Every structure is written in structure tokens, then in C-alpha cells.
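**Q** Can you read through this structure? Questions will come right after.
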Amino acid sequence: MSMALSFDDEGRGEPLLLLHAFPFDRRFWSEVAPLFAKGGLRVIAPDLMGFGKSPAKGPWSIADQAEAVSALLPSLGITKATVLGLSMGGYVALALIHNHPEQVEAMVLAHTKAAADSPQALQGRANAINTVQEKGVAAFADGMMEKLLAPNASPSVRDHTRSLMNQPKETVLAALAALRDRPDRRRELSNIRVPTLVLSGEHDAIATPDEGREIAAAVPSGAFVQIPGVGHLSNLEAPDKFVSAVFDFCETSAP
Ligand code: MLT
């Protein structure tokens, strides 16, 4: 399954592809995309299938999302991009580099995991699907907020984050199933041939710094950076730190 994606295309320079988390869309990047563009990058930020302005009926898989992204790049004249995926976007980035390594110049895996869902996470997915079906997306999003941000996140960051979590019910249900069914990619990490930055948040309860360190250790040219004081969404909680970490990496990994 593959379909055309809606996207923003901003700036000029080496292409940086931004893959958003769940349950967000490309508005997720509205603080950091202009900073990347100002710093000399061409920033491509799609709405993944079903999110934002990229309508899609489920079911779809994380690998289907990677195929849609893979098809987007050549349509923009881009042969290879630095791919930055955050959480669900990181799962899509790992599927993309596995299936289309020739399209990836370098990779940033932020707040993400290579392992499949644990038994406890699978139970959480089942509960989440029930909540969405019985109480709706808003109740699910309210519940998810508790896990997303560092305990000391400001009210304005909280309000802004919550305001971005308004995806269609069908998309949220399709995504929860796709997240639940994604494969364990840990054994593939040693095949990654491009410079890879793994970014974790000090207080991230969804993708812990320990999991981030393990990914960085398993990728042959992997680097690890922990952003202090943030939870799962450092692009929203500390945009300047997030952007600096990516630029530092781009400078050290430039060919
Ligand atoms: C995300 O932030 O994209 C999700 O928390 C990912 C997940 O639930 O596995």
C-alpha cells in the first residue's frame, strides 16, 4: 500500500526528512523546521499516511508508511536524505533503511525503540484500543499526555502538545494496531552503514535512555546523546537543544 503524502518543503541545501511521532502530524515540527532551514538544510516534513492532511484508510503497517516516504523522496528530486524519525517516526526510519538503504544518507533516531512491544506494552495497546473505541480519541490523548513530557514541562508546552494530538479515530486505531504489530529490528542494527545519532530524553518513560544507548551501541557508526530535562518529545520541550544536537551530528558526520 502506498499513497501520495502531504508535506512541507522548506529551505535549501542537503535534504533532511522529518518523520513525526504518534498521534501527531507535520505540525509536530513547526518549532524546529524553520531552525533547520535557517541552518542551511532543505527540510521535508510529511504527514504520515492517515495523519494531518494525508488521508488513508487502515489497516496499514509501519513498513507501509516507509514505502510511502520512500516514494515521496524521488518525487521531490531527492535521491538520498538524512532521515530523522522521532518515536513512531523512528520505527518508520528503521523500516526505510532496512528496505531502501540507498535512500538514507544519515539517520537520527530520536526517542525511539528498535525492539518490538513487550508483553506489558501489548497490554497497553489493547487498553488504548478499548479507550479509543469506547471513549474516543480525546480521552485516549488525555491519558497519553501523562507519559509524554518531563514532569516539569511548562503549561504552555503541555497545552501546545495536547492541541497537536487531534487525529481521526480511524487513524488512531490503525496506528495502534501498526505500532503493536511492528517487528523487532534489533538484529538489523548492525547492518546500518550510515552515521546514526540516537537521541534520548532524560525523563523519557516511553523510549528510555537505556534503550537509546543500546541502539547506538549496536549500530556500527552510532552516536548517543541524552538531552537533559526532557521527556519523550524533546523537539517540543526543548527545541533549541534538539536542533543543536542534530546540527552537531551533521557537522561531525558530513562526508
Ligand atoms: C510515539 O510517540 O510515536 C509513540 O509513543 C510510539 C509508541 O507508542 O510506540
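The values are calculated or read from the model by the stated rules, or taken from the named source; none is laboratory data. Keep in mind that this is a model prediction, so the values were computed, not measured. So basically every Cβ, Gly included, is an ideal-geometry build from the backbone, and we count neighbours across all protein chains shown. SASA here: full protein model, heavy atoms, side chains in, ligands and nucleic acids out. Shrake-Rupley method; radii C 1.70, N 1.55, O 1.52, S 1.80 Å.
**Q** Report the equivalent ellipsoid semi-axes for the stretch 173-255 in whole Å, largest first, defined as the square roots of five times the eigenvalues of the gyration tensor built from alpha carbon atoms.
**A** Those come to 21, 19, 12 Å.
**Q** A further question on this structure: Label-point separation (nm) for Ser163 and Ala217, each offset 7 Å from Cα along Cα-to-Cβ?
**A** Computed distance between label sites Ser163 and Ala217 equals 4.2 nm.
**Q** If the chain between Ser154 and Leu76 were fully stretched, how many nm would it gain, using 0.36 nm times the residue separation less the Cα-Cα distance?
**A** Extra length from Ser154 to Leu76 when fully extended: 24.3 nm.
**Q** List every residue whose amide H lies under 5 Å from the amide H of Leu197, counting only residues 5 or more places away in sequence or on a different chain, with H placed 1.01 Å from N in the peptide plane.
**A** Under 5 Å from the amide H of Leu197 lie the amide H atoms of Met107, Val108, Leu109, Ala223, each far enough along the sequence or on another chain.
**Q** Further question: Can you work out the FRET efficiency for the pair Ala138 and Ala177, with r the C-beta to C-beta distance and R0 = 22 Å, to the nearest 0.05?
**A** 0.65
**Q** Going from most exposed to least, what order do Lys113, Lys135 have by accessible area with a 1.4 Å probe?
**A** Output order, biggest surface exposure first: Lys135, Lys113.
**Q** Rounded to a whole number, what % of the accessible area of the chain do carbon and sulfur atoms account for, probe 1.4 Å?
**A** 53 percent
**Q** Run down the aspartates and glutamates and flag those whose C-alpha is under 18 Å from the C-alpha of Lys57, throwing out any fewer than 8 positions away in its chain.
**A** By straight Cα distance, Lys57 reaches Asp25, Asp47, Glu67, Glu170, Asp181.
**Q** Sticking with this structure for a sec: Most mobile of Glu202, Glu134, Glu188 per a Gaussian network model of the chain (Cα springs, under 10 Å)?
**A** Glu134
**Q** When Lys and Arg each count +1 and Asp and Glu each count -1, what net charge do the other residues less than 13 Å away from Phe7, Cβ to Cβ, add up to?
**A** -1
**Q** Counting heavy atoms of the protein chains only and a 1.4 Å probe, report the per residue accessible area for the chain as a whole number of Å².
**A** 42 Å²
**Q** Taking springs between alpha-carbon atoms closer than 10 angstrom, which of Ser87, Ser61, Ser30 fluctuates most in the Gaussian network model of the chain?
**A** Maximum among the listed residues: Ser30.
**Q** How high is the relative contact order of the chain, given as a whole-number percent (alpha carbon pairs under 8 Å, six or more residues apart)?
**A** It rounds to 20 percent for the chain.
**Q** Which of the three applies to the chain, rounded, prolate or oblate, going by the alpha-carbon gyration tensor with a ≥ b ≥ c and a/c under 1.5 meaning rounded?
**A** It is rounded, given that a/c, with a ≥ b ≥ c, falls under 1.5.
**Q** When the Cα centres of the stretch 213-246 and the stretch 1-58 are compared, how far apart do they sit, in Å?
**A** Cα centroid of the stretch 213-246 versus Cα centroid of the stretch 1-58: 19 Å apart.
**Q** Also, I was wondering about something else. Take the alpha carbon gyration tensor of the stretch 111-176, find the square roots of its eigenvalues, order them as a ≥ b ≥ c, and report rounded if a/c is under 1.5; if not, report prolate when a/b exceeds b/c, else oblate.
**A** oblate
**Q** For Ala115 and Lys38 in the same chain, what is the full-extension length gain: residue separation times 0.36 nm, less their Cα-Cα distance, in nm?
**A** 24.2 nm
**Q** Nearest-5 percent of antiparallel DSSP beta bridges in the chain?
**A** 15 percent
**Q** Could you identify which residue out of Ala71, Ala33, Ala95 has the top mean-square fluctuation in a GNM of the chain using Cα springs shorter than 10 Å?
**A** Taking springs between Cα atoms under 10 Å, the residue moving most is Ala71.
**Q** Straight-line reach from Lys147: which lysines fall under 17 Å, measuring Cα to Cα and dropping same-chain residues less than 8 apart?
**A** Qualifying lysines at Cα under 17 Å: Lys113.
**Q** Let's see if you can work this out: charge +1 on each Lys and Arg Cβ, -1 on each Asp and Glu Cβ, no other charges. What is the dipole magnitude of the chain about its Cα centre, in debye to the nearest 20?
**A** Using Cβ point charges on Lys, Arg, Asp and Glu, the chain gives about 280 debye.
**Q** How much length would be gained if the chain were fully extended between Asp184 and Asp240, taking 0.36 nm per residue of separation minus their Cα-Cα distance, in nm to one decimal?
**A** Fully extending the segment from Asp184 to Asp240 adds 17.0 nm.
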